[in-house]
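Asker: Structure provided below as structure tokens; questions to follow.
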Amino acid sequence: MTELHHQTLAELAAGLKARRFSSVELTRHFLSRIERFNPELNALVTITGEQALAAAAKADQQLAAGAGGPLTGLPIAHKDIFCTDGVLTTCGSKMLSNFVAPYDATIVEKLSQAGVISLGKANMDEFAMGSSNETSFFGPVKNPWDLKKVPGGSSGGSAAVVAARMAPASTGTDTGGSIRQPAALTSLTGIKPTYGRVSRYGMIAFASSLDQAGTLTQSAEDAALLLGAMAGFDPRDSTSVDTPVPDYTATLDQPLAGLKIGLLKEFFEKGLDEANGKLVRDALKVYEAMGAKLVEVSLPNLPLSVPTYYVVAPAECSSNLSRFDGVRFGYRCEKPVDLLDLYKRSRGEGFGAEVKRRIMTGTYVLSAGYYDAYYLKAQKIRRLIANDFERAFGEVDVLIGPTSPTPAFDIGAKVDDPITMYLNDIYTIGANLAGLPAMSIPCGFLGGLPVGLQIIGPHFGEAKLLNVAHRYQRETQWHREIPQAYR
Amino acid sequence: MSSFETVIGLEIHAQLATKTKIFSSASTAFGAAPNSQANLVDLGYPGVLPVLNLEAVRMATKFGLAIGATVSQRSVFARKNYFYPDLPKGYQISQYEKPIVEKGRMDILLEDGSVKTVGITRAHLEEDAGKSLHEDFQGFSGIDLNRAGTPLLEIVSEPDMRSAKEAIAYLKKIHTLVRYLEICDGNMQEGSFRCDANVSVRPVGQEKFGTRCEIKNLNSFRFIEKAINYEVARQIDIIEGGGTIRQETRLYDPDRGETRALRSKEEANDYRYFPDPDLLPVAIDTAFIDAVRRTLPELPDEKAARYIEKFSLSAYDAGVLTASREMADYYEAVLAALGAGQEKLAANWVMGELSGALNKDGIEVTASRVDAGRLAGLLKRIVDETISGKIAKEVFESMWAEDKDADAIIESKGLKQITDTGAIEKVIDEIMAANPKQLADYRSGKDKLFGFFVGQVMKVTGGKANPAQVNDLLKRKLAG
Amino acid sequence: MSLTRKDVENIAHLARLAITDAEMPEYVDRLSKILNLVEQLDAADTASVEPMAHPLKDQVQRMRVDEVVDSDRHEKYQRNAAKVEAGLYLVPKVIE
């Protein structure tokens, strides 16, 4: 039998159904890998072994009775941004290092109802603010492909845990690329769905109009399975959209002949590593071979997406993070002398430097005298960018380009320069600003480090994205690569 | 003093009478144990999200229609950012640039009998804050977030009022209206209806407004009037003393009867309003607005106009009777049972005996010991001359005390009016016989003695003789 | 654009963040850099462009029926609070 950790979710699900192994065995297998590898990778902040095994035993009963759904008994890891009832939920921050959520996030609840088992909570950039997982209060996560390198961020723990096969899949969130960029840097399939497709209830907010939950998996097929169980309307989230969730697995194999692929002129122009760009072009040849047509499209306002994002996201975060005041939950400073001191020190000591920078940036761009010049201006440019995408999707079915300008970089290489760090997200931010679904899939290696291919679709085009990704994965084997040390 | 003109604008916060909070499904009931009605959304827990209460939108729409305002088909919730312990999220969700109600008006009756229109700039939906309890917990304040998230309608007037009396007249009209509309219970003690006043003064004839101060914590009509008058005098004093007014927020201290600057609000606020990304634009269509319009009751001003026109009541009486929907309902129930033509009689009784008794017992008309049907029953006995108005007051007192209807009391106490001519004539004859001197004096021209004879008849009959008949018969008999 | 130390102190105060003297120069420097990045926005012509607050078009606020569904769970919710007494959250004395 193939090693359990070499199997995709879909393969493991088939194995469980055929009773080739039990959910308890499967869960034990991954827990033992976590025990072995997590200390060096720092991918999980909290490991919920006991609860996982109890849930696995329950899943086995269901499976034995012929009950349960397609995901029953499969273990995964949740990004520690999702509230989990009775379990520590830290959001990678000292502020919440003692926070036990009193409720489950909608996606946690939905997956648990679908029989999915949570192995633990994945490390992340503090409050999801970062592109390297170096801003976590719990220390950086290492990239399983090279322990000196970052795994990307903010869902760096979610990426590392799957890349090292300590879990077959994980959940993540993506505000400016936080699923896609780590997926690219660790050779995984990451999908950020359309804004409103997955409920944000119980997902600790960074930037409410950009945040969206998704998955990090070994394949597009796994993404289809897992996303199908997470997606859907939630009356507790006013921005959740009430449209039916299609069976994403049903359309995975549709042929791509005649597919119109848009190549974003702006993506290939500058900032893209030469060798990286070649891998993307190679991938496009695979699509051409399948009958897809390549069309160059231009999104003239796209180059402004980084500055736009760094106004909108901090503005929203500055307000979203005001609730952390040391009163009802979270870190509270020692012996506050008065109310102001309680606020300033609890927040000053509880938040890390990057979070404080973003809160201050956001406070500044919203403040009297600067609102129009920064915030309102950014919102207008956001509309221009969204309009650019809309025009493009009038001509093409999907847009394809790089996910990240470079493969994984060294831990510590960019921490002192926020601007260089921010430019990591140059290709991913646009989809967040426009609320579009987007994926990253593995498309090769550069010097032993994975490179990702980004596919962006129109609103609610997840099924098409997954289909486009899956067909590529039928033609290539990049997504089956596992780092040497974790095979 | 007379060389200054006062300018007042009011911001009224009316708690909407919904069952649940504006953005959460926790109860809004008053008086629960601390924090027992603050759910995860009200507490601003990480990850939770607001969902708008339809009823709050409906109530705001109702108010907008009642003040002849524009009800916006698209309004937007924004975040007002500031740190305060009773504000769990560090921002208040409120409507800023696009409120649900704009440009309304309210007519008020001035003391000289003239009518003045006060402009209402806007009314917007927002969430209430919690409460800080200042009793000492070893140097700490306690925070109760039960009230956090209760829906508020903030009703902002134009600076159209020129005296504390006008401000009170406007405030009372709004108070009456929100209760008519059943969108707010109007309870000022519990804080369901609160008011901040923006007060400034300017030399008479000057067009530019003076610097204003905002007075907070005004929770009774009496305090509001006192606070405004105090503030006006304070500002005039400063100006006349050569000083300038500083724009600030001031708190009214009812114990000292004065206003003082609020320490916590001293620093210039920068609320950093921006559209709340967790909430989408509120869209309401004309069908919704029309449906709400159909639920509007007859409004107080319409009702008063009808009373004046159809019932020939004075503007004052019509105003008193329509000051609360319950009172007007009571009055109209009396009329319905009594039949047409007795509107003035009914009005006098409702405003007189009934209101007096209610006030004495400190109860609302809805809890009246004499219901409208019974009061009508009593008035019928006046109309059909079974009893006199004077006896009726006696009967009313017994009805109030004994929980019986008028006829039962008239019967058991034998208060039925004597209308039998023969019986009254017999009494008159006896009195004339017993008072020969007075009779002689009367007949010699002392007309004033007529009253003496009336008094004697009433005394003998225990007030039950029909006064009109007594008059007629006496006149005839005394004339000889 | 360059922020002054005073600017950053004001922002930190508005945001209720204690920043130590030692940390201050770094914040001044990095926040200035971020604002420089953001200033690229000035170049775009946005006359007559409607600001975009939400990523999805034509979505409007859904409304909830007015029904109480919550019960009292304050003891559970207050387990995360640092200082609670008699069901109340405690903060240093509030002075109005």
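Asker: Counting only residues that are more than 11 Å from C:Leu17 (Cα to Cα) and of a type in the set (Asp, Glu), which one in the stretch A:335-355 is nearest to the other protein chains (Cβ to nearest Cβ)?
Answerer: Per the criteria, the residue is A:Asp338.
Asker: Further question on the same structure: I need every pair where a residue in the stretch B:79-90 that is more than 7 Å from every other protein chain (Cβ to nearest Cβ) and in contact (Cβ under 8 Å) with a residue 12 or more places away in the chain has its Cβ under 6 Å from the Cβ of a residue that is buried (at least 22 other Cβ atoms within 10 Å of the Cβ) and part of a loop (DSSP other than H, G, I, E, B), sequence separation at least 6 or different chains.
Answerer: The qualifying pairs are B:Asp86/B:Gly130.
Asker: Pairs only if they're at least six apart or on different chains, beta carbon under 6 angstrom, first in the stretch A:356-379 and free of Cβ contacts under 8 Å to residues at least 12 places away in the same chain and at the interface with another protein chain (Cβ under 7 Å from one of its Cβ atoms), second surrounded by fewer than 20 Cβ atoms within 10 Å (Cβ to Cβ) and not in a helix (DSSP H, G or I); list them, first residue then second.
Answerer: Short answer, once both residue conditions are applied: A:Ser367/B:Asp270; A:Ala368/B:Asp270; A:Leu376/C:Pro51.
Asker: Turning to a different aspect of this structure: Of (1) in contact with a helix residue (DSSP H, G or I) (Cβ under 7 Å, 6 or more places away or on another chain); (2) touching a residue at least 12 places away in the same chain (Cβ under 8 Å), B:Asp301 satisfies all except one. Which?
Answerer: (1)
For (1) hydroxyl-bearing (Ser, Thr, Tyr); (2) within 11 Å of chain B (Cβ to nearest Cβ); (3) surrounded by fewer than 24 Cβ atoms within 10 Å (Cβ to Cβ), each residue gets a yes or a no:
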| site | (1), (2), (3) |
| --- | --- |
| A:Gln62 | no, no, yes |
| A:Ala65 | no, no, yes |
| A:Leu74 | no, no, no |
| A:His78 | no, no, no |
| A:Gly86 | no, no, yes |
| A:Ser97 | yes, no, yes |
| A:Val100 | no, no, yes |
| A:Glu109 | no, no, yes |
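Asker: For B:Thr249, which of the numbered conditions (1) touching an Asp or Glu at 6+ places or on another chain (Cβ under 6 Å); (2) more than 9 Å from every other protein chain (Cβ to nearest Cβ); (3) free of Cβ contacts under 8 Å to residues at least 24 places away in the same chain fails to hold?
Answerer: (3)
Asker: List the number of the failed condition for A:Ser187; all other conditions in (1) at negative phi; (2) more than 14 Å from chain C (Cβ to nearest Cβ); (3) crowded, with 24+ Cβ neighbours inside 10 Å hold.
Answerer: For A:Ser187, the failing item is (1).
Asker: When the stretch B:360-392 is examined, which residues are found to be surrounded by 15 or more Cβ atoms within 10 Å (Cβ to Cβ), free of Cβ contacts under 8 Å to residues at least 60 places away in the same chain and over 27 Å from the mean Cα position of the chain (by Cα)?
Answerer: B:Gly377, B:Leu378, B:Lys380, B:Arg381, B:Ile382, B:Thr386, B:Ala392, listed by residue number.
Asker: Among the residues of the stretch A:92-101, are any in contact with an Asp or Glu (Cβ under 6 Å, 6 or more places away or on another chain), part of a loop (DSSP other than H, G, I, E, B) and under 24 Å from A:Leu188 (Cα atoms)?
Answerer: Yes, the stretch A:92-101 contains at least one residue that is in contact with an Asp or Glu (Cβ under 6 Å, 6 or more places away or on another chain), part of a loop (DSSP other than H, G, I, E, B) and under 24 Å from A:Leu188 (Cα atoms).
Asker: Considering only helices (runs of 4 or more DSSP H) fully contained in chain C, which possess at least 3 residues that are within 7 Å of chain A (Cβ to nearest Cβ)?
Answerer: C:5-14, C:24-38
Asker: Among the residues that make up the stretch A:130-148, is at least one of them without any contact (Cβ under 8 Å) to a residue 12 or more places away in the chain, surrounded by fewer than 24 Cβ atoms within 10 Å (Cβ to Cβ) and not in a loop (DSSP other than H, G, I, E, B)?
Answerer: No, there is no match, as no residue in the stretch A:130-148 is without any contact (Cβ under 8 Å) to a residue 12 or more places away in the chain, surrounded by fewer than 24 Cβ atoms within 10 Å (Cβ to Cβ) and not in a loop (DSSP other than H, G, I, E, B).
Asker: Now for a different question. Go through the stretch B:180-197 and give me each residue that's of a type in the set (A, V, I, L, M) and part of a loop (DSSP other than H, G, I, E, B).
Answerer: Selection gives B:Leu181, B:Ile183, B:Met188.
Asker: Helices (runs of 4 or more DSSP H) wholly in the stretch A:199-305 with at least 3 residues that are among the charged types (D, E, K, R), within 26 Å of A:Asp388 (Cα to Cα) and away from chain B (no Cβ under 14 Å) - which ones?
Answerer: The helices (runs of 4 or more DSSP H) meeting that bar are A:265-269, A:274-289.
Asker: Let me ask something else about it. Using beta carbons and a limit of 6 Å, which pairs, at least six apart or on different chains, have the first residue in the stretch A:206-229 and free of Cβ contacts under 8 Å to residues at least 24 places away in the same chain and the second one part of a helix (DSSP H, G or I)?
Answerer: A:Gly228/A:Tyr248
Asker: Condition first: within 11 Å of chain A (Cβ to nearest Cβ), within 19 Å of A:Ser238 (Cα to Cα), within 30 Å of the chain's Cα centre (by Cα) and in contact (Cβ under 8 Å) with a residue 12 or more places away in the chain. Can you find one or more residues in the stretch B:46-55 that meet it?
Answerer: For the stretch B:46-55, residues within 11 Å of chain A (Cβ to nearest Cβ), within 19 Å of A:Ser238 (Cα to Cα), within 30 Å of the chain's Cα centre (by Cα) and in contact (Cβ under 8 Å) with a residue 12 or more places away in the chain: present.
Asker: Test A:Ile411 against the stated conditions and say whether it is more than 9 Å from every other protein chain (Cβ to nearest Cβ), among the β-branched types (Val, Ile, Thr) and at negative phi.
Answerer: When the stated conditions are applied, A:Ile411 passes them.
Asker: Still on this model: Given the residues A:Asn276, A:Asn301, which is the only one that is surrounded by 14 or more Cβ atoms within 10 Å (Cβ to Cβ) and either under 30 Å from A:Gly362 (Cβ atoms) or in contact with a His (Cβ under 8 Å, 6 or more places away or on another chain) (or both)?
Answerer: Within the list A:Asn276, A:Asn301, the selection yields A:Asn301.
Asker: Another question about this same structure. Name the single residue that is nearest to the other protein chains (Cβ to nearest Cβ) among those in the stretch A:425-448 being closer than 12 Å to A:Lys192 by Cα and of a type in the set (Ser, Thr, Tyr).
Answerer: That would be A:Thr428.
Asker: Would you confirm whether or not the stretch A:143-151 contains a residue that is in contact with a Pro (Cβ under 9 Å, 6 or more places away or on another chain) and under 28 Å from A:Arg323 (Cβ atoms)?
Answerer: Checked against the condition, which is being in contact with a Pro (Cβ under 9 Å, 6 or more places away or on another chain) and under 28 Å from A:Arg323 (Cβ atoms), the stretch A:143-151 yields no hits at all.
Asker: Same structure again: Filter the stretch A:341-375 down to residues that are over 31 Å from the mean Cα position of the chain (by Cα) and acidic (Asp, Glu) and give me whichever is surrounded by the fewest Cβ atoms within 10 Å (Cβ to Cβ).
Answerer: My answer is A:Asp372.
Asker: Of all residues in the stretch B:28-70, count the ones that are part of a strand (DSSP E or B) and crowded, with 23+ Cβ neighbours inside 10 Å.
Answerer: Looking only at that region, the number is 1.
Asker: Looking at the stretch A:86-99, I want the residues that are farther than 18 Å from A:Thr48 by Cα and have a partner that is among the basic types (Lys, Arg) and not in a loop (DSSP other than H, G, I, E, B) with Cβ atoms under 9 Å, at least 6 apart or on another chain. Which pairs are those?
Answerer: Listed by first residue and then by second, the contacts come to A:Met95/A:Arg347.
Asker: As an exercise: evaluate A:Leu321 against (1) within 12 Å of chain B (Cβ to nearest Cβ); (2) buried (at least 20 other Cβ atoms within 10 Å of the Cβ); (3) more than 28 Å from the chain's Cα centre (by Cα) and give the number of the one condition it does not meet.
Answerer: Status for A:Leu321: all satisfied but (3).
Asker: Can A:Val312 be described as surrounded by fewer than 20 Cβ atoms within 10 Å (Cβ to Cβ), at the interface with another protein chain (Cβ under 10 Å from one of its Cβ atoms) and of a type in the set (A, V, I, L, M, F, W, C)?
Answerer: Taking the combined requirement at face value, the residue does not satisfy it.
Asker: How many residues are among the hydroxyl-bearing types (Ser, Thr, Tyr), in a helix (DSSP H, G or I) and farther than 24 Å from A:Ala224 by Cβ when one looks only at the stretch A:1-38?
Answerer: The qualifying residues number 1.
Asker: Now a separate question. Determine whether A:Ser219 is over 11 Å from the mean Cα position of the chain (by Cα), closer than 25 Å to A:Ala55 by Cβ and of a type in the set (S, T, N, Q).
Answerer: yes
Values in this text are rule-based calculations from the coordinates and carry no lab data. Since this is a predicted model, take the numbers as computed values, not measurements. All Cβ positions, glycine included, derive from the backbone under ideal geometry; neighbour counts span all protein chains shown.
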